[in-house]
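The values are calculated or read from the model by the stated rules, or taken from the named source; none is laboratory data. Because the structure is a prediction, the values reported are computed rather than measured. Because the Cβ atoms are built from the backbone with ideal geometry, glycine has one as well, and the counts that use them run over all protein chains shown. Surface areas here come from the heavy atoms of the whole protein model, side chains and all, with no ligands, DNA or RNA. Shrake-Rupley method; radii C 1.70, N 1.55, O 1.52, S 1.80 Å.
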Amino acid sequence: MFYAILAYHEEEVVESWTREADAKLMDDLLQVNDRLVREKRLGPAARLGSTRDAVTLRGDGAGMIIDGPFAETKEQLLGLYVVDCPNLEAAVETARELRRVNPTAVYEIRPISLYLPGAALSAPDDGPA
């Protein structure tokens, strides 16, 4: 079964990290990612851009575009993983592995009721996502 592991963090904290600290964290997370890929358990994973650059589409008909997400929360959704695990307990253990590397993050684990892999996207050439 596929599960989404949604990574939340305080965006201001993440943006305050030095380039070196951020690169170290990404290297550590990629070690977990690489193992999950070898085990054929990791689907798409993404580090999301700043909420300052986001827009929200809502309303009737064609909808209206408004600036940014407006969730009244301390943490923001900053990334996600799609993992293939036999059950919720295994998905929680996978999230715990990520948390051991990034202990200040909050991980929400949800079953995915529909998964459509879609076409492959090419990554931008401006560094790690």
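Side notes on the structure shown:
- Legend: Rg and Dmax of the chain, from Cα coordinates, 15.8, 46 Å.
- Computed over region 1-56, the range of Cα coordinates on each principal axis works out to 34, 32, 14 Å, biggest value leading.
- Residue among Gly79, Gly49, Gly61 with the largest mean-square fluctuation in a Gaussian network model of the chain, springs linking Cα atoms under 10 Å: Gly61
- Sites excluded, GluC sites (Glu not before Pro) in DSSP loops with at most 14 other C-beta within 10 Å, longest stretch of the chain: 73-129
- Proximity of backbone amide H atoms, modeled 1.01 Å from N, is registered between Ala54 and Gly68 at under 5 Å, excluding neighbours fewer than 5 places apart on the same chain.
- For region 23-129, trypsin sites (Lys or Arg not before Pro) meeting the loop criterion (DSSP other than H, G, I, E, B) and having at most 16 other Cβ atoms within 10 Å: Lys40, Lys74.
- Most mobile of Asn102, Asn33, Asn87 in a GNM of the chain (Cα contacts under 10 Å): Asn87
- Per-atom-type breakdown for the chain gives carbon and sulfur 56% of the accessible area (1.4 Å probe, protein chains only).
- For the chain, modelled as a GNM whose springs connect Cα atoms under 10 angstrom apart, the maximal fluctuation among Tyr107, Tyr81, Tyr115 occurs at Tyr115.
- Remark: region 2-43 carries 63 Å² of accessible area per residue (probe radius 1.4 Å; ligands, DNA and RNA excluded).
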